[in-house]
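Chemist: One structure is given below, represented as structure tokens, and several questions about it will come after.
The values are calculated or read from the model by the stated rules, or taken from the named source; none is laboratory data. Just so it is clear, the structure is predicted and the values come from calculations on it, not from any experiment. Glycine also receives a Cβ, built like all others from the backbone with ideal geometry; neighbour counts cover every protein chain displayed. Just the protein is used for accessible areas: all its heavy atoms, side chains included, with ligands, DNA and RNA removed. Shrake-Rupley method; radii C 1.70, N 1.55, O 1.52, S 1.80 Å.
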Amino acid sequence: MIRLVGVRLAGVVGLLALLSVLVFAGVDLLPGDPVTSRLGATATPEHIAEAQARAGLDHPLAERYLDWASGLLRGDLGTSATGRAVTDVLSDRVANSALLAGLALALLAPLSLALGTWAGLRAGRRGDRIVTTASLLLVAVPEFVTAGALVLVFAIGLGWLPAVSLVPAGTSPLAVPEVLVLPVVSLLLLGLAYAVRVIRAATAAASRSGHVEFARLNGAGRGELLRHAVLPAVLPVAVQVWLVTGVGLVGGAVLVESVFGYPGIGALLVGAVQTGDLPIVQALAMILGAAMLVALVVADLVVRIGTPTLRTGAS
Amino acid sequence: MRPAAVALVALLVLVIVGPVLAPYSPTEPVGPPYALPGEFGLLGTDQLGRDVLSRVLAGGQPVVLTGLLGALAGSVAGAAVGLIAAVRGVTGAFLMRPLDAVAAVPPVLVLLLVLTAVPGRSGIVLAVALAGAPLVARVTAAAAAPVVSRAHVEAAIARGEGMAWVLGREVLPLVAGPLVADAGVRFVGAVYLVTAAGFLGLGAGAADWGQLIVEALPGAVLQPAALAAPVLLVALLAVSVNLVADDVVRRSRTVLA
């Protein structure tokens, strides 16, 4: 087991190194650079060369990559095009986004487990068909469309909640909790649709297995079946889904945050792309990519630990 | 599944003839800003007084065309890598590893990264292709793996046929079914990314549905129809494409089994 964890972690480190090369070189090698685009069309070639030298852009790519990568390892994410340290720019934003994703995930786990097992135990019946269809529709629709529909209904139609998440500068969104409701619900619906589909399928498969059928014939009640036969099979899958969705939520948050103008990393990332602020884009890409890779490995390990045949090697 | 297919065909017809049907230019002001549906057009006007109906009718083509182009490019590139990976073990692994790293990055992030470097329509196509190709490569490699060890493939290799010939004539026809089915799923992802690019204000300036949504959000209290129309259309397109693609995938599995 320890060896397995070690191997997988080494794999993550390797993939992260690869990702960092892709992120750095991909953004850097393609035409255009932030210095030139910021100076505009009126800049003279000497001006551009001077600004590029100041930003270190005249050094070879490999050297700049090593500089950047060793900075990453020390927790130094470089300097944004605005002159502020990237870590300073990011700190509040990361906390706000983590709050959004954390709240969505905290609601997602119990809700998806309840809905998924409920539908899975009724596979093929009416309640199941309603849940399945609803989640299929939600999975297909982009999250910013769902968010737009929520704005139409709850902010404009009913007037219950603000359409824009205005947070006074220097305070946490927790100071104005009503601005969190629609963004959290948008994210929740996005993740819920996927999680319910997977948990429902796992429940349906588990409840078809021989020992569950046997227990049912022996007169075990529905609650008993769920606790002793179905849940042990479903929970490892559910945990994996929650982990993957949790990170997926951070990606989806980019769009949802833009709908509501929520001050998280999503809006920051979009702004950085529009202004060509490469250090911010590269730092956020590495943070989000690393979170995704780690979550995938942890999810994989959870399934292995939670599944006796995989753990012991017996079949 | 039939209602989904009917809805999709109706939508595609609307997208194709939409620009012709539009009563006004999508860029000219025709009335006061935020006019409600009625006097100034069936769906009212937007924040600059432009006709919302005309913009909605014109806004489908950039989404569908860019999406098709990106999905096609991603499928072709992914299929090529997947086929090579299936035949050449070591080279294959060498090709697939970087794709795994790309596959781990959320598609929206791929979109933003590519658009940093290549702004505009070509950047969106490239992003859609990049986000889709790793998954296509996986599907192709998995579908081709049992095929490459078959006798007719080994015979062709023994005859001394070139790599391209073997892959194109002996392997590709046998994995085309799942590839076509998968291309449908790629198009779902492409529609999502193209509308997301428009929504993030990173579209190429054409009035696509994603851009209509983001432009309508600030004034949605004054003119809800300008938000409701593109929201409904994107939702309808996404759902119908998804259902039809789902159906095609399921059918191709039955054929394979």
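Chemist: Per the 1.4 Å probe, what fraction of the accessible area of the protein assembly as shown, in percent, lies on carbon and sulfur atoms?
Modeler: Working: 18250 of 26400 Å².
Looking at the protein assembly as shown in its full context, I get 69 percent from C and S.
Chemist: Rolling a 1.4 Å sphere over the protein heavy atoms, what is the accessible area per residue of segment A:88-161, to the nearest Å²? Kindly include the intermediate steps, with their values, before the conclusion.
Modeler: On the way: 3340 Å² over 74 residues.
Solvent-accessible surface per residue comes out at 45 Å².
Chemist: Right, next: If you take the accessible area of B alone plus A alone and subtract the pair, what total do you get in square angstrom, rounded to 100, with a 1.4 Å probe? Walk me through the intermediate numbers first.
Modeler: Values: alone 12760 and 16820 Å², together 26400 Å².
The B and A chains share an interface burying roughly 3200 Å².
Chemist: Which value, in Å², gives the accessible area per residue of chain B when a 1.4 Å probe is used on the protein heavy atoms? Present the calculation step by step, with values, prior to reporting the outcome.
Modeler: On the way: 11150 Å² over 257 residues.
Value returned for chain B: 43 Å² of accessible area per residue.
Chemist: Which order do B:S122, A:S207 take by accessible area at a 1.4 Å probe, largest first? Could the numbers behind the result be given before it?
Modeler: Details: B:S122 75, A:S207 15 Å².
If we order B:S122, A:S207 from most to least accessible, we get B:S122, A:S207.
Chemist: Which loop chymotrypsin sites (Phe, Trp or Tyr not before Pro) in segment A:79-170, with loop taken from DSSP, have no more than 11 other Cβ atoms within 10 angstrom of their Cβ? Please list the in-between numbers first.
Modeler: Values: sites: A:W118, A:F144, A:F154, A:W160; in loops: A:W160.
Within segment A:79-170, the qualifying chymotrypsin sites (Phe, Trp or Tyr not before Pro) (loop, at most 11 other Cβ atoms within 10 Å) are A:W160.
Chemist: Still on this model: Calculate for chain B the 222 nm mean residue ellipticity that helices alone would give, adding -39,500 (n - 2.57) per DSSP H run of length 4 or more and normalising by residue count, nearest 500 deg cm²/dmol. It would help to have the intermediate numbers written out before the result.
Modeler: Working: 10 runs with 188 residues, N = 257.
Calculated at 222 nm, the ellipticity per residue is -25000 deg cm²/dmol.
Chemist: Could you give me the percent of Cα pairs per 10 Å distance bin for segment A:66-176, shortest bin first, beginning at zero and ending with the bin that holds the maximum distance?
Modeler: Going from the shortest bin to the longest, the percentages are 11, 23, 29, 21, 12, 4, 0.
Chemist: Rounded to two decimals, what is Rg over Rh for chain A when you use alpha-carbon atoms and the Kirkwood radius? Please report the intermediate quantities before stating the final value.
Modeler: On the way: Rg = 23.8 Å, Rh = 22.5 Å.
Answer for chain A: 1.06.
Chemist: While we're here: Which residues, if any, in segment B:180-203 have at least 30 Å² less accessible area in the whole protein complex than in the isolated chain, probe 1.4 Å?
Modeler: SASA drop of 30 Å² or more in segment B:180-203: B:Y192, B:F199, B:L200, B:L202.
Chemist: Okay, next question. Mean separation of Cα pairs under 8 Å and 6+ residues apart, divided by the residue count of chain A: what relative contact order is that in percent?
Modeler: Details: 331 pairs, mean separation 80.2, N = 315.
Rounded, it is 25 percent for chain A.
Chemist: Please list B:D247, A:D92, A:D128 from largest to smallest accessible area, probe radius 1.4 Å, with all protein chains kept in place.
Modeler: Numbers: B:D247 25, A:D92 105, A:D128 5 Å².
Sorted descending by solvent-accessible area, the residues read A:D92, B:D247, A:D128.
Chemist: If one takes the longest principal axis of the Cα atoms in chain B, at what angle in degrees, from 0 to 90 and to the nearest 10, does the Cα axis of helix B:60-87 lie?
Modeler: Roughly 10 degrees between the two axes.
Chemist: Right, something else. 222 nm [θ] for chain A, helices only, -39500 (n - 2.57) per DSSP H run of 4+, per residue, to 500?
Modeler: After summing the helix terms and dividing by residue count, I get -25000 deg cm²/dmol.
Chemist: Shifting gears a bit: Mean Kyte-Doolittle hydropathy of 0.5 or higher plus an axial Cα length of 20 Å or more: which whole DSSP H helices in chain A meet both?
Modeler: Working: long enough: A:2-29 (40 Å, 2.06); A:86-121 (49 Å, 1.29); A:126-140 (21 Å, 0.85); A:178-208 (44 Å, 1.49); A:231-260 (39 Å, 1.83); A:278-306 (41 Å, 2.14).
Span-like helices in chain A: A:2-29, A:86-121, A:126-140, A:178-208, A:231-260, A:278-306.
Chemist: For segment A:92-138, run through the trypsin sites (Lys or Arg not before Pro) and keep only the ones in DSSP coil with at most 15 other Cβ atoms within 10 Å of their Cβ. Provide the component values of the computation, followed by the final result.
Modeler: Numbers: sites: A:R93, A:R122, A:R125, A:R126, A:R129; in loops: A:R122, A:R125.
For trypsin sites (Lys or Arg not before Pro) across segment A:92-138 that sit outside H, G, I, E and B with at most 15 neighbouring Cβ atoms in 10 Å, the list reads A:R125.
Chemist: Per residue, how much accessible surface does segment A:168-301 expose to a 1.4 Å probe? Answer in Å², no decimals.
Modeler: Working: 4990 Å² over 134 residues.
For segment A:168-301, the per-residue accessible area is 37 Å².
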